[in-house]
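Inspection log for the structure reproduced underneath, given as structure tokens.
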Amino acid sequence: MPKPIRMSRRAWVAAWTVLCAAGLAATANLNASSAPDPQPEKSVSAECAERIADIETHLAKAKQEGKGDGVLVFSRVQVGTEDDCRDDLRNHFRGDQ
């Protein structure tokens, strides 16, 4: 049976240091390259676009008449259905808050 090659402790430490540094560098490179892509903006349904336009009209009319600086908006349908414009309304008017 052949004798195994003996390595000094310094050689083992140096080998582990090189392997750990290579692993950390590879991990950092993978993390940097796998950044999530920005989500494309969802299109608004025709019904929601009409509802937003109606609200914009009411806002403009209220500002013209000096009756305040906002309009309270309620969703017309039950929460959780396809026709619920709640998220679209929030996204559109978020800058006005």
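The values are calculated or read from the model by the stated rules, or taken from the named source; none is laboratory data. Because the structure is a prediction, the values reported are computed rather than measured. Every residue, glycine among them, receives a Cβ derived from its backbone with ideal geometry; neighbour counts consider all protein chains shown. Heavy atoms of the whole protein, side chains included, go into the accessibility calculation; ligands, DNA and RNA do not. Shrake-Rupley method; radii C 1.70, N 1.55, O 1.52, S 1.80 Å.
Quick notes
- Top-ranked residue in the stretch 1-38 [being among the hydrophobic types (A, V, I, L, M, F, W, C) and in a loop (DSSP other than H, G, I, E, B); ranked as modelled with the highest pLDDT]: Met7
- Inter-residue pairs, beta-carbon under 9 Å, first closer than 15 Å to Arg86 by Cβ and in the stretch 45-60, second basic (Lys, Arg), 6+ apart: Arg51/Arg76
- Entry remark, the stretch 40-81: residues being at pLDDT below 80, under 17 Å from Phe93 (Cβ atoms) and open to solvent by 100 Å² or more (accessible area, probe 1.4 Å) number 6 in total.
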